[in-house]
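The values are calculated or read from the model by the stated rules, or taken from the named source; none is laboratory data. Note that the coordinates shown come from a computational prediction; the quantities given were computed from them, not determined experimentally. Counting neighbours? That spans all protein chains shown, and the Cβs are built from the backbone with ideal geometry, glycine included.
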Amino acid sequence: MFVFTTKLTKKKLAGMIVAAGGLLVLIIALVASRSPTRAGKELGPVKNINSDTDRVAYLERMGWEVSKTPVGIEEVLIPLDWNDAFEDYNNLQNDQGFELANYRGKRVTRISFSVKNHPSGMDNVQANLLCYKNSIIAGDVQCISKEGFMHGLSRQAAIGLFSAPKPSKAPELPPAPDNPQVPPGSGHCPECELNGCNCDIDPTDCTCANCTH
């Protein structure tokens, strides 16, 4: 075996430290370049989600008040070939730190919980979590009515979507009086109009007790 030896001086030691530091920076840069990110987030699942209690706790951390038990559980298939709609859905997931491309062709479980505090004020809203084994791999909040909508899992972001000012309420007008009075010189009162009086021409031609000619 060939062994290389050298006398270690302070100058050589400093050079070795600099070289080792440069190698460490290079390794970190290579690892970072292989980690898919968007908006500064590493894309990946939320792990160690083993029960409905864990799923509810996760949704509560996202700001939602939800039912303690699921309102729906369904097995779904992540397709191998994606259409534009599924690409858009995955873009939504990327924005909140998930990546469904890693699960193409796999069967996952969609678990839905009823949302009680959606900023829209609507009742028929569900939080859907896509789960694979013991991880949350995607999710959305969806209104299941005809006027439906879908957005990400952050309630804070949803508040911004549904915070448009409401139209002002029309002022309430007072009810019309039972016996409207007509000031002098104003012509017919409503009862005169119904009776066909000519009191606007001849004030004596009037039998209406409400007129003040």
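Checked against the criterion of being modelled with pLDDT under 95, more than 20 Å from residue 152 (Cβ to Cβ) and charged (D, E, K, R), region 23-37 contains one or more residues that satisfy it. Condition check for residue 92 on (1) touching a His at 6+ places or on another chain (Cβ under 8 Å); (2) over 24 Å from residue 123 (Cβ atoms): one failure, at (2).
Total residues in region 103-140 satisfying the condition of being over 16 Å from the mean Cα position of the chain (by Cα) and touching a residue at least 24 places away in the same chain (Cβ under 8 Å): the figure is 16. Filtering region 120-133 for residues that are hydrophobic (A, V, I, L, M, F, W, C), out of contact with any Pro (no Cβ under 7 Å at 6 or more places or on another chain), at pLDDT 95 or above and over 16 Å from residue 65 (Cα atoms) leaves a non-empty set.
If we keep just the residues of region 38-91 that are in a strand (DSSP E or B) and touching a helix residue (DSSP H, G or I) at 6+ places or on another chain (Cβ under 7 Å), which is modelled with the highest pLDDT? Ranking the candidates gives 66 first.
Among the conditions (1) assigned to a loop (DSSP other than H, G, I, E, B); (2) surrounded by 12 or more Cβ atoms within 10 Å (Cβ to Cβ), the only one that residue 123 does not satisfy is (2).
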